[in-house]
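Notes follow the structure.
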Amino acid sequence: TAGDAVPASQRGSWTSFLKSIASFSGDLSSLTAPPFILSPTSLTEFPAYWCERPDLFAAIADAKDGEDRTLAVLNWFISTLKDQYTSRNESMGSEKKPLNPVLGELFYGNWPDKNDRGLTELLVEQVSHHPPITAYIIENKSKGLRLVGHNAQKTSFSAGSIIVKQIGHAVLTVSLPSGTKEEYLITLPRLRIDGLWYGSPYIELAETSYIIGGGHVSLIEYKGKGYFSGKSHSFKATVTPMPGMGGQGKKETVIEGTWHEKSQFVKGGSGDFHDVHAVKEQVSPIGGGEGGEMGDFETRKLWALVAKGIREGDFETASKEKSRIENEQRQRRKDEQAAGTTWELKHFAQLESDPVYERLGKVAKIVPPTEDTYVFQENWPPVA
Ligand code: HCR
C-alpha cells in the first residue's frame, strides 16, 4: 500500500513531497524532502561511480586494436551502471535524495595502483549550483587514459514516476603507444525513478545512450521488465563498425543481458560478455590542499555535520547545518553581485560547444548536435 516503506510519522510529509514533485518540473534538488529519504552523500561524489572497477578501466589501454578497444570501453561502461544506478538501494535500502552541492564544491580521490593497473585519480568540481552541474576528470596517467565529463539533470513527472533527462556527456581519450589519441564520446541514458508511491524509490534506465569512437558506434538500448529478456535493468548493445572512421572490414556485434548482472554475445561473438559480480572498489578520498589536508569546500568536510546528522538520525542538527551552508552561499552570491564579481572555478573552464561532441556525435546523428563542455585546466596537482 501507499507509503509502506515510509516511517508512520513522515507519511504526511512524503505525500506532500510527492504532490510538489507532480506539479513541478526543473531542479528537483531544491525541494525539501522528508528525513527518511535523505542521503548523507553529495552529488559531487557520484562521478566516482565511473571507476569502481579500475581494472576494467585500465584494461581499455591493453586492448590490441580498435575493435578490441571498443569492446573494452563498452565492457567498462556497462560495469559502471550497477554502481551508478543501484548502489544506493543496496547500501541504504532505496534510492535517496543526495545533498545538493554548492558552487565550487570539490571532491578528490584515487584508486591505488594494484596488479600493474596504475594509479587512477579523480577530481570533481561543482561548476554550477542552479541548475546543479558537476564536472569531473578521471585519469590513469600510466595507461594513457583520461575521462572528462559533466552532468546535469532535467526532471519531470509522468505516470507516477520521476523522469530524469541527463544533460551532459563524457569524452574518454586513449593515448596510444603510437602517439595517436583515440577519442570516445559517451552519452548518458534517461532515468525513471519508480517505487515513489511506496516510499522506496529505485532507478530504471530508459531509451538509449551511445559510445562513439574507435571506428565504431555502440548504441545501447535500455528496457525494463517485459522487453528483450523480460527482466528489469535489461539492455541491448549494438556495436556497428563505421567505414569512414577506421571500422572498415569489421563485423557488427550485438550483446544482450542485464546491466546489473550478466550479458552475453548474441552476434559477432559467443559466450559471456560481462559479469558485473566482480568486486567493486570504492574511491579513497584525499585532501586537495597542501599536505593532503581537506579544504572547507571539499565535500566531506563541507557537509560533515549534515552527513553525521542524517546518519545518526539527528535531523535537527542536519537541517540546522544545511541551512547554515545554504545561507552562507546566498550571502556569498550577494557579496559577489555587490562587488561586480563572479565565482571563479578552480579546475574547469566552460566552453559553449564541444568540438569532440560535434564531430563524433555527427556520426550517429545524435541530438542535440552540440553541447557545452567543461575543459579541464591543466593546473592539478599544484606544482610545489
Ligand atoms: C536523479 C538523482 C540525481 C542525479 C543522479 C545521477 C544522474 C547523477 C550522475 C551520476 O553519474 C548518476 C546518477 C545517479 C542517480 O541515480 C541520480 C539521482 C537519483 C535521485 C536523484 C534526485 C535528484 C532525487 C530525487 C528524490 C527521490 C529519490 C525522492
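Working from Cα pairs under 8 Å separated by at least six residues, relative contact order for the range 216-344 is 10 percent. Computed packing ranks the peptides 196-208, 149-161, 298-310 as 298-310, 196-208, 149-161, most packed first, by mean other Cβ atoms within 10 Å. Normalising the Debye intensity of the range 65-184 to I(0), with uniform scatterers on Cα atoms only, and taking log10 at q = 0.22 Å⁻¹ returns -1.49.
Gyration tensor over the Cα atoms of the range 213-255: the corresponding equivalent ellipsoid has semi-axes (square roots of 5 times the eigenvalues, largest first) of 27, 8, 5 Å.
Computed from point charges on the beta carbon alone (+1 for Lys and Arg, -1 for Asp and Glu), the dipole magnitude for the chain about its Cα centre is near 940 Debye. For the pair Asn379 and Ser353, a Förster radius of 22 Å applied to the C-beta separation gives a FRET efficiency near 0.40, rounded to the nearest 0.05.
Below 8 Å between Cα atoms, with a sequence gap of 6+, how large is the relative contact order for the chain in percent? Reported as a whole number, the value is 15 percent. Shown here are the Rg and Dmax of the Cα trace of the range 179-301, at 19.3, 55 Å. Excluding ligands, DNA and RNA, the accessible surface per residue across the range 102-204 is 37 Å² with a 1.4 Å probe. At 1.4 Å probe size, with the rest of the protein present, what percent of the exposed accessible area of the range 301-379 is carbon and sulfur atoms? With neighbouring chains kept in place, the figure for the range 301-379 is 52 percent.
Dividing the mean sequence gap of close Cα pairs (under 8 Å, 6+ apart) by how many residues the range 199-257 holds gives a relative contact order of 28 percent. Mind checking which of Ser94, Ser284, Ser39 has the largest fluctuation in a GNM of the chain, springs on alpha carbons under 10 Å? Taking springs between Cα atoms under 10 Å, the residue moving most is Ser284. A simple spin-label model places the labels of Glu328 and Asp314 1.7 nm from each other, with each point 7 Å out along Cα-to-Cβ. Among residues other than Asn110 with Cβ under 13 Å from its Cβ, the summed charge is -2 (Lys and Arg +1, Asp and Glu -1). Counting Lys and Arg as +1 and Asp and Glu as -1 over every other residue whose Cβ lies under 14 Å from the Cβ of Asp372, the net charge comes to -4.
The eigenvalues of the Cα gyration tensor, multiplied by 5 and square-rooted, give the chain an equivalent ellipsoid with semi-axes of 34, 27, 19 Å from largest to smallest. The alpha-carbon of Lys320 sits under 26 angstrom from the alpha-carbons of these lysines, leaving out residues fewer than 8 places away in its chain: Lys19, Lys96, Lys97, Lys301, Lys308, Lys334. The tail of the calculated P(r) for the range 35-95, taken as Cα-Cα distances beyond 20 Å, holds 38 percent of the pairs. How large is the Kirkwood hydrodynamic radius of the range 304-384, counting all unique pairs of alpha carbons, in Å? Mean inverse Cα-Cα distance, inverted, gives 16.8 Å. Taking a cut-off of 24 Å between Cα atoms, list the lysines near Lys251, but don't count ones fewer than 8 places away on the same chain. The reachable lysines, counting only those whose Cα sits under 24 Å from Lys251, are Lys64, Lys181, Lys236, Lys262, Lys267, Lys362, Lys365.
Which residues in the range 51-69 have a backbone N closer than 17 Å to a point placed 7 Å from the Cα of Gln264 along the Cα-to-Cβ line? Inside the label zone: nothing. Entry comment: accessible area of the range 231-384 is 62 Å² per residue, from protein heavy atoms only and a probe of 1.4 Å.
The values are calculated or read from the model by the stated rules, or taken from the named source; none is laboratory data. Values in this document were obtained by computation on a predicted structure and should not be read as measured data. Positions of Cβ are backbone-derived with ideal geometry, glycine not excepted, and every protein chain shown enters the neighbour counts. Heads up: the accessible areas ignore ligands, DNA and RNA and are worked out on the full protein's heavy atoms, side chains in. Shrake-Rupley method; radii C 1.70, N 1.55, O 1.52, S 1.80 Å.
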